[in-house]
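Presented below is the structure to which this report refers.
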Amino acid sequence: MNKHDEELELNLKPRPTETLSIKIPIDTLESLKKVAANRDMTLDALIKFYIGQSLRQDLAKLFSERVLESTAEVLARHIESKEEILTIIQEIQAEATL
């Protein structure tokens, strides 16, 4: 193994897991199998990928909402005008979505 290969080595620590049984409509399952095969992935890996991707998006959204709430609270301690605070929060939201 050369130095370049060592830099790319990925060391994953196993995490505790739990088996979950869910009901999925047959046509959805068939579509998942087709997508998994097309991506050269196992069905299990594809489902974990989808869950992880959506979970990260939802957690990022929750975090950003908490930051905005905290920002509004801090602004409220320094600015008396609720309208001005709302305008600032809306501007932050608009900038964040660009």
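Before moving on, here are some points about what is shown:
- Whichever residue in segment 80-95 is in a helix (DSSP H, G or I) and among the polar types (S, T, N, Q) and, among such residues, is nearest to R66 (Cα to Cα): Q93
- Checking I24 against (1) in a helix (DSSP H, G or I); (2) of a type in the set (A, V, I, L, M); (3) more than 29 Å from T97 (Cβ to Cβ), the condition it does not meet: (1)
- Candidate set: segment 31-72, residues that are surrounded by fewer than 12 Cβ atoms within 10 Å (Cβ to Cβ), among the charged types (D, E, K, R) and assigned to a helix (DSSP H, G or I); chosen: the one nearest to the chain's Cα centre (by Cα): R56
- Segment 34-51 residues that are among the charged types (D, E, K, R), paired with ones that are in a helix (DSSP H, G or I) and at pLDDT below 95 (beta carbon under 8 Å, 6 or more apart): none
The values are calculated or read from the model by the stated rules, or taken from the named source; none is laboratory data. Quick caveat, the model's predicted, so the values are computed rather than measured. So basically every Cβ, Gly included, is an ideal-geometry build from the backbone, and we count neighbours across all protein chains shown.
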